[in-house]
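Chemist: One structure follows; several queries about it will come next.
The values are calculated or read from the model by the stated rules, or taken from the named source; none is laboratory data. These figures come from a predicted structure and were not determined experimentally. Here the Cβ is made from the backbone with ideal geometry for all residues, glycine too, and neighbour counts use every protein chain on show. SASA here: full protein model, heavy atoms, side chains in, ligands and nucleic acids out. Shrake-Rupley method; radii C 1.70, N 1.55, O 1.52, S 1.80 Å.
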Amino acid sequence: MNRFMAKVYSLQEKTLIKVDDKETIKLLHKSIKKVSEDIEAVSYHTAISQLMILLNHVYLKKEISKDFLKIYIQLIAPFAPFLAEEMWHNL
């Protein structure tokens, strides 16, 4: 879990661009839906798993959009509120 949080925090170091590619946007929307449903069903482990899948997809890219980063911070906030708050403040 510590490595996951370190990878999430390092997202801030990526170059910010205007728009992400279609594959990233599609996976982002799928993740939003999955995490929302899993939080309502109190299935936190599967929600975190989906966030890890999304992070691994984006981590290989050199650039991400500012909108993606904002949404990802909001998705991770219920599970890591202090990290999300610090990242939001830095953004």
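Chemist: Has the range 56-72 got at least one residue that is in a loop (DSSP other than H, G, I, E, B), open to solvent by less than 50 Å² (accessible area, probe 1.4 Å), out of contact with any helix residue (DSSP H, G or I) (no Cβ under 7 Å at 6 or more places or on another chain) and farther than 13 Å from F4 by Cα?
Modeler: The answer is no; no qualifying residue exists.
Chemist: Related question: How many residues are surrounded by 14 or more Cβ atoms within 10 Å (Cβ to Cβ) and modelled with pLDDT under 85 if we restrict to the range 18-55?
Modeler: 1
Chemist: Hey, any hits in the range 75-82 for a residue that's surrounded by 17 or more Cβ atoms within 10 Å (Cβ to Cβ), in a loop (DSSP other than H, G, I, E, B) and aliphatic (A, V, I, L, M)?
Modeler: Yes; the residues of the range 75-82 include at least one that is surrounded by 17 or more Cβ atoms within 10 Å (Cβ to Cβ), in a loop (DSSP other than H, G, I, E, B) and aliphatic (A, V, I, L, M).
Chemist: Residues of the range 8-17 being open to solvent by less than 60 Å² (accessible area, probe 1.4 Å) and either assigned to a helix (DSSP H, G or I) or at pLDDT 85 or above (or both), which ones? Steps first, please.
Modeler: Narrowing the range 8-17 to residues open to solvent by less than 60 Å² (accessible area, probe 1.4 Å): 8, 10-12, 14, 17.
Once the filter is applied, which keeps residues that are open to solvent by less than 60 Å² (accessible area, probe 1.4 Å) and either assigned to a helix (DSSP H, G or I) or at pLDDT 85 or above (or both), the range 8-17 yields V8, S10, L11, Q12.
Chemist: Limited to the range 36-53, what total is found for residues that are farther than 19 Å from A6 by Cα and in contact with an Asp or Glu (Cβ under 6 Å, 6 or more places away or on another chain)?
Modeler: Qualifying residue count, the range 36-53: 1.
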